[in-house]
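**Q** Sharing a structure here in structure tokens format.
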Amino acid sequence: MSTKSLIPLGLLVTALLGVTAGFQLRSSELKAAYAPSVLSYADAETSIEGVSKLADDVSAAYASIADTADASAERLSEIDAYLMEMTEAARRESAFDAEQHDAVADLVNKSKQQNQATEDTLESVLGTQLGKPIGQTFGKKATVKVFSLKEAGYRGYLAKVKLHDPKAIKLVMSNDKIGDKGETTSSAAKRTGAVLAINAGGFSKDKNGLLYPMGVTVVDGEIVAFYQTGLSFIGINKNGHLVGGEITSRKDIEALDVEQGATFVPTLLQDGKKQKIPTKWKNKREPRTMIGHFSNGDLLLIVIDGRQKGYSNGVTLEEAQTKLLEWNVRDAYNLDGGGSSAFVYDGKLLNSPSDGRERKVVSNFVVLP
């Protein structure tokens with residue numbers, strides 16, 4: 001080939017090489033220019049995938065919340081129904097309580113009316129048979145009404161005692177001792193500040209002249225003497241009610257909830273019924289000291305003089321039972337009598353003891369005003 005023919009070919013090759021080099025150079029520039037866009041798209045694609053996953057998670061969460069909300073709504077509905085049921089039950093219970101309250105109030109009112117009716121009847125009975133009280137004390141702890149008793153063949157005194165405080169009545173031992181030379185009822189009343197006092201339990205004397213209570217004796221809830229059973233126990237319980245009867249054990253005393261108590265014989269009335277009088281006590285007219293419980297719950301303390309011809313011959317226990325029932329007495333017990341019988345009111349000995357003077361005794365029932 002000639003030199004002239006090679007020159008055009010060389011020029012063509014040179015031109016092609018320039019074009020190629022220019023394209024490659026331009027391609028590099030384009031790659032450099034579009035590289036961030038490619039990267040941004042990749043990042044965007046990754047972000048879109050993350051957002052899509054997040055959206056799926058949120059959707060699942062909302063689905064779960066929806067399920068929970070449905071369950072919660074169902075549970076709230078159950079709770080609401082339960083609360084409504086409780087409200088209705090409370091309403092019914094409230095209505096029932098109101099009815100019960102009204103019923104109890106009605107019973108209390110009727111009880112008060114009955115007690116007042118009983119009180120009125122009792123006052124009428126005592127007023128008719130005994131006249132007006134010869135003395136009255138309206139104390140904080142007790143109300144005491146004293147009557148003079150004048151019947152065919154005997155005289156005495158009795159007191160109707162309404163306790164406002166069960167602790168108003170106490171059993172007082174001679175000088176507060178077990179085994180003592182004795183104390184008169186007047187002395188016991190003065191020493192304790194009592195408005196009313198009567199002698200109480202029976203006793204025996206030892207070779208040294210000391211007096212000891214017979215049977216069972218209780219002072220302020222404590223059994224201070226327990227010598228003999230099978231006798232008639234006379235007690236006052238924590239509510240101020242008269243209790244007693246035959247005692248065979250300490251448990252009997254505890255069961256009666258006794259606060260104060262002494263012993264003698266016999267029991268005269270129980271629940272409004274006459275009790276059998278032992279043969280050795282039958283139809284004997286003697287000075288008597290007795291304690292009882294009226295139908296309205298008030299206490300009766302009574303002393304009847306005896307062994308004083310022309311003034312008072314005393315009373316038999318059978319006569320006493322009949323008279324006590326006439327006065328609406330429900331329960332009654334015979335305390336130590338004879339020369340021991342003493343009735344002290346407002347600091348004065350009212351009755352006339354058969355010994356001509358007060359006898360020192362082992363115990364006394366006293367009433368605090």
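The values are calculated or read from the model by the stated rules, or taken from the named source; none is laboratory data. Model, not experiment: these values are computed from the prediction. Virtual Cβ from ideal backbone geometry, glycine too; neighbours counted across all protein chains shown. Remember, those area values only see protein heavy atoms, side chains included, never the ligands or the DNA or RNA. Shrake-Rupley method; radii C 1.70, N 1.55, O 1.52, S 1.80 Å.
**Q** How would Glu259, Glu254 rank on accessible area, largest to smallest, probe 1.4 Å?
**A** Glu254, Glu259
**Q** On a 1.4 Å probe surface of the protein chains, which of Asp298, Asp252 comes out largest in accessible area, and what is the full order?
**A** Details: Asp298 10, Asp252 50 Å².
Highest to lowest solvent-accessible surface, that is Asp252, Asp298.
**Q** Sticking with this structure for a sec: Express in Å², to the nearest 10, the accessible area of Asp331 obtained by rolling a 1.4 Å probe over the protein heavy atoms while all chains stay in place.
**A** 30
**Q** What does the charge dipole of segment 258-369 about its Cα centre add up to, to the nearest 20 debye, if the Cβ of each Lys and Arg holds +1 and the Cβ of each Asp and Glu holds -1?
**A** Values: 16 positive and 13 negative charges, 107 e Å.
Here segment 258-369 has a charge dipole of around 520 debye.
**Q** Counting other Cβ atoms within 10 Å of each Cβ, which trypsin sites (Lys or Arg not before Pro) in segment 181-277 have at most 15 and sit in a DSSP loop? Each step should come with its number before you reach the end.
**A** Numbers: sites: Lys181, Lys190, Arg191, Lys205, Lys207, Lys238, Arg250, Lys251, Lys273, Lys274, Lys276; in loops: Lys181, Lys207, Lys238, Lys276.
Hits after loop and neighbour filter: Lys181, Lys207, Lys238, Lys276.
**Q** Residues with beta-carbon under 13 Å from that of Ser94, excluding Ser94: net charge, scoring Lys, Arg +1 and Asp, Glu -1? Don't jump to the answer; show the numbers that get you there.
**A** On the way: positive: Arg91, Arg92; negative: Glu88, Glu93, Asp97, Glu99, Asp102.
Within the 13 Å Cβ shell, the charges total -3.
**Q** In terms of solvent-accessible area of protein heavy atoms at a 1.4 angstrom probe, what is the ranking of Thr267, Thr128, highest value first? Mind showing how you got there, number by number?
**A** Values: Thr267 20, Thr128 110 Å².
From most exposed to least exposed: Thr128, Thr267.
**Q** Here is a further query. Chymotrypsin sites (Phe, Trp or Tyr not before Pro), restricted to segment 265-369: which are DSSP loop and have at most 13 other Cβ atoms within 10 Å?
**A** Hits after loop and neighbour filter: Tyr311.
**Q** Oh, and also: Expressed in nm², what is the orientationally averaged projection area of the convex hull enclosing the Cα positions of segment 293-342?
**A** On the way: hull surface 15.0 nm².
For the Cα atoms of segment 293-342, the hull's average projected area reads 3.7 nm².
**Q** So which trypsin sites (Lys or Arg not before Pro) in segment 308-338 pass both tests, a DSSP loop state and at most 12 other Cβ atoms within 10 Å of the Cβ? It would help to have the intermediate numbers written out before the result.
**A** Values: sites: Lys309, Lys323, Arg330; in loops: Lys309.
The qualifying sites are Lys309.
**Q** Could you give the distance between the Cα centres of segment 117-183 and segment 244-313, to the whole Å?
**A** Each part reduced to its Cα centre gives a spacing of 15 Å.
**Q** Quick one: Cα centre-to-centre distance for segment 195-237 and segment 340-360, in angstrom?
**A** Value for the Cα centre distance between the two parts: 19 Å.
**Q** Report ³J(HN,Hα) in whole Hz for each residue of segment 125-134, in order, from the Karplus equation J = 6.51 cos²θ - 1.76 cosθ + 1.60 where θ = phi - 60°; Gly and Pro get x.
**A** Values, residue by residue: 5, 5, x, 5, 8, 10, x, 6, x, 8 Hz.
**Q** Select from Thr128, Ala168, Ala188 the residue farthest towards the positive end of the dipole of segment 113-211; place +1 on Cβ of Lys and Arg, -1 on Cβ of Asp and Glu, and compute about the Cα centre.
**A** Going by the Cα projections, it comes out as Ala188.
**Q** Residues with amide H under 5 Å of Thr184's amide H, sequence separation 5 or more or different chain, H placed in the peptide plane at 1.01 Å from N; which?
**A** Amide H neighbours of Thr184, under 5 Å, 5+ apart: Val361.
**Q** For segment 171-257, just say rounded, prolate or oblate: build the C-alpha gyration tensor, square-root its eigenvalues into a ≥ b ≥ c, call rounded for a/c under 1.5, and beyond that prolate if a/b exceeds b/c, oblate if not. Mind showing how you got there, number by number?
**A** Details: a/c = 2.21, a/b = 1.22, b/c = 1.82.
The shape class here is oblate.
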